[in-house]
């Protein structure tokens, strides 16, 4: 069972909130909650695990226990990696709330086959829905578009565009620059884009456990390249806080972004922070 460092105050804050438009909470790693003015609540890539020490060591608090979540309409996953699809983090949310889980095929394979969510937790198979690039679906007051992502370390990554009357939020998962981003930037008026940012570090290899030079996330130039192509008004760097050896300073991005038309503003947030569309 997952034990939170923070108790239940964050999930209660989300559930008690009444946004004027759309509120977005950062959960650390690449996790977010979005909530609209009508109360629709969507979790994206929530991960509450500790990693695989000493290979991957979590550097931030576990912000909530998933069994404390009482109000959620959906959980979305961007790709199949453990810190994006994780039964102990996500299945209890589905079981408690009846929320739907949306994910690409290889992510669903983790839930159905590798972790057997429907046997290990009170999750039904009809709660698990497959998505792929080009799909559009509605969750409450949000229209969600499934778009391409460029994550060479994943087998089938996607990104999501959340459209709402109050604005548009883009979640890129662990994507790096993509030739599709200029099209996406032309097609949508993106107010806020969350993109993974980190340094290159020496992480023990999964098989040999020998330290290996590892780049999992965008560096300073890549993340600004993504934001510029997406033509987003605001850039929110994510994932920089999570793994020992790969942490980064997001304030350094001010220097990289100021020479471009987009992003117009940098949103530097810490785990538990809330921003508005």
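The values are calculated or read from the model by the stated rules, or taken from the named source; none is laboratory data. Source: prediction; values computed, not measured. Ideal geometry is used to build each Cβ from the backbone, glycine not excepted, and the neighbour counts take in all protein chains shown.
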Inset, instruction - Of the conditions (1) modelled with pLDDT under 95; (2) touching a strand residue (DSSP E or B) at 6+ places or on another chain (Cβ under 8 Å); (3) within 20 Å of residue 81 (Cβ to Cβ), residue 254 clears all except one; give me its number. - result: (3)
Legend entry - Positions within the stretch 57-94 being touching a strand residue (DSSP E or B) at 6+ places or on another chain (Cβ under 6 Å) and surrounded by fewer than 20 Cβ atoms within 10 Å (Cβ to Cβ), in sequence order: 57, 71, 73
Legend entry - Residue that is farthest from residue 21 (Cα to Cα) [pool: residues in the stretch 256-267 that are surrounded by fewer than 16 Cβ atoms within 10 Å (Cβ to Cβ) and in contact (Cβ under 8 Å) with a residue 24 or more places away in the chain]: 260
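Grab the helices (runs of 4 or more DSSP H) fully contained in the stretch 45-158, keeping just those with 1 or more residues being within 18 Å of the chain's Cα centre (by Cα) and either at pLDDT 95 or above or more than 26 Å from residue 269 (Cα to Cα) (or both).
Working: elements: 87-97, 105-109, 117-120.
Fully inside the stretch 45-158 and qualifying: 87-97, 105-109.
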Legend entry - the stretch 24-44, subset farther than 14 Å from residue 271 by Cα and touching a helix residue (DSSP H, G or I) at 6+ places or on another chain (Cβ under 8 Å), residue surrounded by the fewest Cβ atoms within 10 Å (Cβ to Cβ): 41
Inset, instruction - State all residues of the stretch 19-41 that are within 24 Å of residue 51 (Cα to Cα) and not in a loop (DSSP other than H, G, I, E, B); if no residue qualifies, say none. - result: 25, 26, 32, 33
Legend entry - Number of the exception - residue 11 against (1) within 30 Å of residue 202 (Cβ to Cβ); (2) within 17 Å of the chain's Cα centre (by Cα); (3) free of Cβ contacts under 8 Å to residues at least 60 places away in the same chain: (1)
Inset, instruction - Taking residue 171 as meeting all but one of (1) touching a helix residue (DSSP H, G or I) at 6+ places or on another chain (Cβ under 6 Å); (2) closer than 28 Å to residue 214 by Cβ, write down the number of the exception. - result: (1)
Inset, instruction - Could you tell me whether residue 38 is farther than 26 Å from residue 148 by Cβ and either under 17 Å from the mean Cα position of the chain (by Cα) or in contact (Cβ under 8 Å) with a residue 12 or more places away in the chain (or both)? - result: yes
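Residues 154, 103, 111: which one is without any contact (Cβ under 8 Å) to a residue 60 or more places away in the chain and either surrounded by fewer than 23 Cβ atoms within 10 Å (Cβ to Cβ) or within 21 Å of residue 217 (Cα to Cα) (or both)? Show your work before the answer.
Details: 154 fails: without any contact (Cβ under 8 Å) to a residue 60 or more places away in the chain; 111 fails: either surrounded by fewer than 23 Cβ atoms within 10 Å (Cβ to Cβ) or within 21 Å of residue 217 (Cα to Cα) (or both).
After applying the criteria, what remains is 103.
Anything in the stretch 1-23 that is modelled with pLDDT of 95 or more, more than 27 Å from residue 143 (Cα to Cα) and in contact with a helix residue (DSSP H, G or I) (Cβ under 9 Å, 6 or more places away or on another chain)? List them, or say none.
4, 7, 8
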